[in-house]
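Just below is one structure, and these are the notes that go with it.
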Amino acid sequence: MSENTIPVVELSDQSPCGGESVGQWDPNAQDDRSLDSPSRRTFVQNSAAGMSAASLMGTAALVTGSDDADANTTWAEHFQGNYRLMSDEEKAEALDRLEKRYSLEYEKDVTVDGTEAADNVLFGYALNIKKCIGCRRCVKACVQENNQTRGDEQEIEWIRVLKMEKGEFTQEKLKDGYPGEVGIQVGGNAYGAVGVVLEGEHYYEPDKVPEQDSHYMPIACMQCEKPPCVKVCPVRTTYREADGPVVIDYNWCIGCRMCIGACPYWARRFNWGEPKLPKEEMNPDTHYLGNRPRMKGVVEKCTFCIQRTRQGRYPACVEVCPVGARKFGNLLDPNSEVRRVLATKRVFRLKAELNTYPKFFYYVD
Amino acid sequence: MKIMIQFVIDYISYIFKGGLRFYAWMGFLALFLLPWAYGNYMQFTQGMIVTGLSDQVSWGLYLANFVFLVGVAAGAVTIVFPAYVYKYEPLHKVAVLGEMLAIAAVIMCILFVFSHMGRPDRLWHMVPLLGIYNFPNSMLTWDTMVLIGYFLLNLVCGFYYLYQKYTGRPLNNNFYLPLIFISIVWALSIHTVTAFLINTMPARPMWHHGMMPIRFISTAFAAGPSLIIVIFLIIRKNTALWIEDKAINMLSTIVVGCLSIGLFLTLSEVVTELYHPTEHSDGLRYLMFGKHGLSNLVPWFWGSLVAMLVGWVLLLIPRVRKNYTVLPYICVLIFLGIWVEKGMGLLIPGSIPTPIGEFTQYSPTMIEIMNCLGNWAIGFLILTVLLKGAIGIVLGDVKYTKTQ
């Protein structure tokens, strides 16, 4: 792809998703694109019937209506066990409790899904750093989809787009690097910002993207196969699901922030205060391990949009990307898009030297 | 059983018998409890947002104090070790005071862990059987285990000794000595594991080196006895318990020896990291010189280094070391120097820059400071009570036969 085909996007308008061309982001809209793998789609259709029993119970409870439900459910939540170790009935109860509480709190019909991982699925992600234009639509879409806290006091974003600038080698400094009279190198081009400046700036506020002499590197949770955050958690509240994503049971997290210290990708966020999520902006289609509203004092992070991807939909960031830089699919399916990327493109992982084996790959054409 | 109840009654009634200075001291400490209660209330209701912490620097003053106090707890072994391994009589007589310090320090550690946690109401999730204890994977579970173990060892050793002394019965050495020797090794383990807690994270290059445990232990064995010297000099002045010069001299020798090793390790790290300053040395360079115009920690680093160097040089001189008018001030200087080195100087720059290279400054809020001061005050209240009771029994003021 040549440079001039990259669309330039005006960012001066305040709409969260940028220009008109992509249209308004609607988190409830059904995805018209599907994952490549036909086997995955079939699976999701099969599992859809089984999974929603809990959601139905929740809705029923809402219809019959009980005023003290909020207090009771909160109380019961305090004493529930670790989600992974719950029996199926306990899980259904927990989901039901949450649906009641959220529906009352956000004054809409909230579903809390508990769909389990499918067999023969391992989610993977690939991002074309050559295509990314740094528009941050993915960041906005992620926040709307995943119910992160927002506002002036604290704002959580799971994706951060790093802007890498280009520096310049100059003729004047050419001789400075030559050892002087005392034989010590005192200057040279290496003493300024030259080549590609690798310290990513993620607070850039340009009028237009992409900017001159910059390229972009979005980061989020890398969904490591050997995640340091999982190893350090004292209560196993964070763990790798069978289909790949590293998830958190928000109700089990004790807020010690060991995982934040251990993550080499700065992917984890902490709810420092009571999360602020306006009722009208709340996305009611949630998953227990994914985008359900969080409470204060717990850690959260990207889950590959578990509430969408387990239903055969793309993550919100993939769907919204205007340049198609983001690819997502089943790593166990040789025909999936992400596998084709791995097979045919130049691929690398971030901080590969740490042996965390991310399932988030970067590539160039 | 009856004797045991009598012990508790005598012990408590002795503690409350105190002069004006004792009550003034306790009252002074109690003053910190009101802001502490307010700070905790705010943090519990509003969340950690009332602290100066952020996603960039998510570990701060609370954990810094925790790490330092684990060192103080371990440092108590500098009394117990010479007393029992070398049978050093001047320290042997007062070894129980070291155990009391260890108990108080571990309690302070636990208070700071509570302050650090985002969800202290969910602590039960960590209790084995009731919740999940991610052992042996999580270093934090190792740390919890060794700290609780150390607490129990000192509680049992200390109060068994006091109880036997109270009743006038001889110690059962087959029971007592093995526990003492276990507690000596255990003291090393608590600070080693605390070092492992932070140096096993490749994501934080400033901490990720094998020197951390020995550096922790060496500075702990300087800070711990420094505090003990000050306490001993206060006890000598204010109570009937006479702590021999020899005991204090032994401790100041330990301080200067361990501080030598600590300073040597600090300087080794500086040379290793700065000779070819890679990205991994960014944290240290930020700490020492500041970066991108951000230099909050620079005065702390140099202040702490100067404090430790000055204290070390002064203690090297035997005449100064044995001058008990100057000695407590030097000890306070070293204690504060090491507190900064392990706190502001190690815990915080470990998070700066973030793993993606962002430099964010951290400064604690008033609420954090109030909570920290409160935790320290509670620790010193407990320490005073424990020491007073122990001194009463060692002196023979509290005795079973007397009360009959």
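The values are calculated or read from the model by the stated rules, or taken from the named source; none is laboratory data. Values in this document were obtained by computation on a predicted structure and should not be read as measured data. Counting neighbours? That spans all protein chains shown, and the Cβs are built from the backbone with ideal geometry, glycine included. The area values use the complete protein model at the heavy-atom level, side chains included, leaving out ligands, DNA and RNA. Shrake-Rupley method; radii C 1.70, N 1.55, O 1.52, S 1.80 Å.
Could you pull out the residue among A:Gly297, A:Gly261 that is outside any helix (DSSP H, G or I) and either under 19 Å from A:Glu116 (Cα atoms) or open to solvent by less than 10 Å² (accessible area, probe 1.4 Å) (or both)?
Among A:Gly297, A:Gly261, only A:Gly297 is outside any helix (DSSP H, G or I) and either under 19 Å from A:Glu116 (Cα atoms) or open to solvent by less than 10 Å² (accessible area, probe 1.4 Å) (or both).
Can you tell which of B:Asn249, B:Asn199 is of a type outside the set (A, V, I, L, M), without any contact (Cβ under 8 Å) to a residue 60 or more places away in the chain and open to solvent by less than 40 Å² (accessible area, probe 1.4 Å)?
B:Asn199
Out of all the residues in region A:315-334, which are in a loop (DSSP other than H, G, I, E, B) and either outside the structural domain of A:Asn146 (by TED's automatic domain parsing) or more than 16 Å from A:Cys221 (Cα to Cα) (or both)?
Scanning region A:315-334 gives A:Cys321, A:Pro322, A:Val323, A:Gly324, A:Ala325, A:Leu331, A:Leu332, A:Asp333, A:Pro334.
Contact list please: Cβ distance under 9 Å, first residue in region B:295-306 and assigned to a loop (DSSP other than H, G, I, E, B), second residue of a type in the set (Gly, Ala, Ser) and surrounded by 15 or more Cβ atoms within 10 Å (Cβ to Cβ), pairs at least six apart or on different chains.
What qualifies is B:Asn296/B:Gly290; B:Leu297/B:Gly290; B:Leu297/B:Gly345.
Condition test on B:Ser58, is it within 14 Å of chain A (Cβ to nearest Cβ), in a loop (DSSP other than H, G, I, E, B), open to solvent by less than 20 Å² (accessible area, probe 1.4 Å) and touching a residue at least 24 places away in the same chain (Cβ under 8 Å)?
Yes: the conditions hold for B:Ser58.
Which residues, taken from region B:17-64, are among the β-branched types (Val, Ile, Thr), in contact with a Gly (Cβ under 7 Å, 6 or more places away or on another chain) and within 12 Å of B:Ser115 (Cβ to Cβ)?
Of everything in region B:17-64, just one residue is among the β-branched types (Val, Ile, Thr), in contact with a Gly (Cβ under 7 Å, 6 or more places away or on another chain) and within 12 Å of B:Ser115 (Cβ to Cβ), namely B:Thr51.
Can you name every residue in region A:223-237 that is more than 7 Å from every other protein chain (Cβ to nearest Cβ), of a type in the set (Val, Ile, Thr) and open to solvent by less than 30 Å² (accessible area, probe 1.4 Å)?
Scanning region A:223-237 gives a single hit, A:Thr237.
Within 13 Å of another protein chain (Cβ to nearest Cβ) and among the basic types (Lys, Arg): which single residue out of A:Arg136, A:Arg150, A:Arg160 fits that description?
A:Arg160
Just to be sure, is B:Val106 modelled with pLDDT under 95, more than 10 Å from chain A (Cβ to nearest Cβ) and in contact with a helix residue (DSSP H, G or I) (Cβ under 7 Å, 6 or more places away or on another chain)?
Taking the combined requirement at face value, the residue does not satisfy it.
When the residues of region B:109-139 are filtered to those that are free of Cβ contacts under 8 Å to residues at least 12 places away in the same chain and more than 10 Å from chain A (Cβ to nearest Cβ), which remaining residue is surrounded by the most Cβ atoms within 10 Å (Cβ to Cβ)?
B:Phe114
Report yes if some residue within region B:6-23 is more than 20 Å from B:Ser363 (Cβ to Cβ), within 14 Å of another protein chain (Cβ to nearest Cβ) and not aromatic (Phe, Trp, Tyr); otherwise report no.
no
Scan region A:84-92 and give yes if some residue there is under 22 Å from the mean Cα position of the chain (by Cα) and either at pLDDT 95 or above or small (Gly, Ala, Ser) (or both), otherwise no.
The answer is no; no qualifying residue exists.
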